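Novice: Just dropping this structure here.
The values are calculated or read from the model by the stated rules, or taken from the named source; none is laboratory data. Please read all numbers here as calculations on a predicted model, not as lab measurements. In this analysis, Cβ positions are derived from the backbone assuming ideal geometry, glycine residues included, and neighbour counts consider all displayed protein chains. These accessible areas exclude ligands, DNA and RNA; they are computed on the full protein's heavy atoms, side chains included. Shrake-Rupley method; radii C 1.70, N 1.55, O 1.52, S 1.80 Å.
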Amino acid sequence: MTAEKINLRSDVVTLPTAAMLEAIKTAPMGDDNRQEDPTTNELETLAAHMLGKEAALLVMSGTMGNLIGMLCQTQPGQEVILEQGAHIYTSEQGGAARIGGLMVTRVPSRRGFPAPADVEAAIRPLDNVHTPHTGLICLENTHNRAGGTVMSAEETKAIADVAHRHNLPVHLDGARIFNAAVALKVKAAELVKDVDTVTFCLSKGLSCPAGALLCGRRDAMARARRIRKLLGGTLRQAGVIAAPGIVALKTMVDRLEQDHRTARRLAEGLARVSPLRVDLESVQTNIVFADTSGLPYDAIELSKRLTKHNVEVLIGDLHRIRMVTHRHITAEHVDYAIESFKKVVAGS
Ligand SMILES: Cc1ncc(COP(=O)(O)O)c(C=O)c1O
């Protein structure tokens, strides 16, 4: 057994690099409440440029970025259209309803991406006195619960075209948009060119200790800045967060390819460990789900047994586990994890 913990629960476990810690020490700082933190200003300019948007706003988390993205483009009482398994729906405490006074409705999807016709069918008529008005459409790329699947620029455009035809904005939860960009070998800006706002995370595969960016038009970001303040999300010397963010955007994007390779190795290895089942087609970036329903016990028990081998996985559902590869996971770790699965499944 390895003494080292192989933490496959999430890419949020990545630790800041030495270059990030050094950048924090030397970053010029000021009061970001007054937009006087030069490092934060630099990060926001860089993020806006990389995403092809007019402006960007540093927020503390992906959840905060999604919430502000929704609030800055809607009015209370409106309805937001989400994909069935959207992170905004499953894992953000219903902030849209609780804080934004928004209803949500969900549409089905294939591998996380709804059909444009289903999105259009979910848009409420404007002339019906009974229904709320639709205010916003949200998408997710890569799609977490669908297995880190990627949505192409064309697929995104097809849905954005529907939205814009109905004068509705689109917010993209792009927590892992750079994984999608690397997998599709396109610039992130290309993938988000048709959405109005996008959130991406610094704290996942990009290895920063914290932070996310919300990007969009200048007027939307000005409203977003006010909402961030309302939510208590405005920092002072935010350069502490922004400095590693700049390092991440400049140096950590291309290496995501390695995480995709280790995920594929893991997926292919686990697909051979009967009775586990892995949908290899859905393994497109750094996330791997395995169906454990063939085992005589549930995913919670499987996870406990794996922990004894120092392999940590996330419980997705009663019979589904999630594994995410990241900077601290090597091919050797993956091979060790596969061997551990074999032993656990064989009952040892
Ligand atoms: C797709 C997606 N969106 C949003 C988030 C939220 O990010 P945070 O944990 O920074 O709030 C996550 C986190 O895992 C995610 O996977």
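Novice: Residues of the stretch 262-313 being of a type outside the set (D, E, K, R) and over 21 Å from residue 335 (Cβ atoms), which ones? Let's see the steps before the verdict.
Specialist: Narrowing the stretch 262-313 to residues of a type outside the set (D, E, K, R): 262-263, 266-267, 269-271, 273-276, 278, 280, 282-290, 292-297, 299-300, 302-303, 306-307, 309-311, 313.
Hits for the stretch 262-313 are 282, 284, 293, 294, 295, 296, 297, 299, 300.
Novice: When you scan the stretch 46-64, how many residues do you find that are assigned to a strand (DSSP E or B) and within 12 Å of the ligand (Cβ to nearest atom)?
Specialist: Restricting attention to the stretch 46-64, the residues satisfying the condition of being assigned to a strand (DSSP E or B) are 55-59.
Keeping just the survivors that are within 12 Å of the ligand (Cβ to nearest atom) gives 59.
Result for the stretch 46-64: 1.
Novice: Sort out which residues of the stretch 104-120 are closer than 26 Å to residue 76 by Cβ and open to solvent by 50 Å² or more (accessible area, probe 1.4 Å), and write them in order of number. Lay out the reasoning, then the answer.
Specialist: So in the stretch 104-120, the residues closer than 26 Å to residue 76 by Cβ come out as 104-107, 114, 118-120.
Scanning the stretch 104-120 gives 104, 106, 118, 120.
Novice: Quickly run through the stretch 90-102 and pick out the residues that are buried (at least 18 other Cβ atoms within 10 Å of the Cβ), among the aliphatic types (A, V, I, L, M) and either within 16 Å of the ligand (Cβ to nearest atom) or not in a loop (DSSP other than H, G, I, E, B) (or both). First the steps, then the outcome.
Specialist: As a first pass, look at the stretch 90-102 and keep what is buried (at least 18 other Cβ atoms within 10 Å of the Cβ): 92, 95-96, 100, 102.
Now narrow it down to the ones that are among the aliphatic types (A, V, I, L, M): 96, 102.
Of everything in the stretch 90-102, just one residue is buried (at least 18 other Cβ atoms within 10 Å of the Cβ), among the aliphatic types (A, V, I, L, M) and either within 16 Å of the ligand (Cβ to nearest atom) or not in a loop (DSSP other than H, G, I, E, B) (or both), namely 96.
Novice: Taking the stretch 1-47 on its own, how many of its residues are surrounded by fewer than 21 Cβ atoms within 10 Å (Cβ to Cβ), touching an Asp or Glu at 6+ places or on another chain (Cβ under 7 Å) and aliphatic (A, V, I, L, M)?
Specialist: 1
Novice: Let me ask you something else. Go over the candidates 329, 321, 300, 315 one by one and state the one that is closer than 17 Å to residue 205 by Cα and either hydrophobic (A, V, I, L, M, F, W, C) or part of a loop (DSSP other than H, G, I, E, B) (or both). Before the answer, list the steps.
Specialist: Details: 321 fails: closer than 17 Å to residue 205 by Cα; 300 fails: closer than 17 Å to residue 205 by Cα; 315 fails: closer than 17 Å to residue 205 by Cα.
Sole residue among the options that is closer than 17 Å to residue 205 by Cα and either hydrophobic (A, V, I, L, M, F, W, C) or part of a loop (DSSP other than H, G, I, E, B) (or both): 329.
Novice: Moving on. Anything in the stretch 185-207 that is over 14 Å from the mean Cα position of the chain (by Cα) and more than 20 Å from residue 159 (Cβ to Cβ)? List them, or say none.
Specialist: 185
Novice: Still on this structure, I have one more. Considering each of 146, 153 in turn, give the residue that is touching a Lys or Arg at 6+ places or on another chain (Cβ under 6 Å), modelled with pLDDT of 95 or more and small (Gly, Ala, Ser). Give the steps one after another, and end with the answer.
Specialist: On the way: 153 fails: touching a Lys or Arg at 6+ places or on another chain (Cβ under 6 Å).
Criteria check complete, one pass: 146.
Novice: Continuing with this model, one more query. Yes or no: the stretch 196-217 includes at least one residue that is more than 30 Å from residue 34 (Cβ to Cβ) and within 16 Å of the ligand (Cβ to nearest atom). Show your work before the answer.
Specialist: Here is the first cut: in the stretch 196-217, the ones more than 30 Å from residue 34 (Cβ to Cβ) are 205.
Now drop any that are not within 16 Å of the ligand (Cβ to nearest atom), which leaves 205.
Yes: one or more hits.
Novice: So which residues in the stretch 208-228 are under 20 Å from residue 68 (Cβ atoms) and either of a type in the set (Val, Ile, Thr) or under 16 Å from the mean Cα position of the chain (by Cα) (or both)?
Specialist: Correct list: 208, 210, 211, 212, 213, 214, 215, 227.
Novice: Counting only residues that are more than 15 Å from the ligand (Cβ to nearest atom) and not hydrophobic (A, V, I, L, M, F, W, C), which one in the stretch 157-173 is least open to solvent (accessible area, probe 1.4 Å)?
Specialist: Residues of the stretch 157-173 more than 15 Å from the ligand (Cβ to nearest atom): 157-170.
Next, only the ones that are not hydrophobic (A, V, I, L, M, F, W, C) stay: 157, 161, 164-167, 169.
Working: 157: 84, 161: 61, 164: 76, 165: 152, 166: 75, 167: 138, 169: 26 Å².
Only one residue tops the list, namely 169.
Novice: For residues in the stretch 133-156 being open to solvent by 30 Å² or more (accessible area, probe 1.4 Å) and away from the ligand (no atom under 11 Å from the Cβ), which is nearest to residue 73 (Cα to Cα)?
Specialist: Here the residue is 133.
Novice: Are any residues in the stretch 70-89 within 16 Å of the ligand (Cβ to nearest atom) and under 19 Å from residue 131 (Cα atoms), and if so, which ones?
Specialist: Of the residues in the stretch 70-89, the ones within 16 Å of the ligand (Cβ to nearest atom) are 70-71, 80, 82-89.
The answer is 80, 82.
Novice: Something else: Residue check: is residue 67 away from the ligand (no atom under 16 Å from the Cβ), touching a helix residue (DSSP H, G or I) at 6+ places or on another chain (Cβ under 9 Å) and not in a strand (DSSP E or B)? Outline the logic, then answer.
Specialist: Details: away from the ligand (no atom under 16 Å from the Cβ): no; touching a helix residue (DSSP H, G or I) at 6+ places or on another chain (Cβ under 9 Å): yes; not in a strand (DSSP E or B): yes.
Considered against the rule, which asks whether it is away from the ligand (no atom under 16 Å from the Cβ), touching a helix residue (DSSP H, G or I) at 6+ places or on another chain (Cβ under 9 Å) and not in a strand (DSSP E or B), residue 67 comes out as no.
Novice: State all residues of the stretch 309-348 that are touching a residue at least 12 places away in the same chain (Cβ under 8 Å) and acidic (Asp, Glu); if no residue qualifies, say none.
Specialist: First pass over the stretch 309-348, keeping only residues touching a residue at least 12 places away in the same chain (Cβ under 8 Å): 309-331, 333-338, 340-345.
312, 317, 335, listed by residue number.
Novice: For the stretch 5-45, what are the residues that are charged (D, E, K, R) and not in a loop (DSSP other than H, G, I, E, B)? Break it down stepwise before answering.
Specialist: Taking the stretch 5-45 and keeping what is charged (D, E, K, R), we get 5, 9, 11, 22, 25, 31-32, 34, 36-37, 42, 44.
Scanning the stretch 5-45 gives 11, 22, 25, 32, 34, 42, 44.
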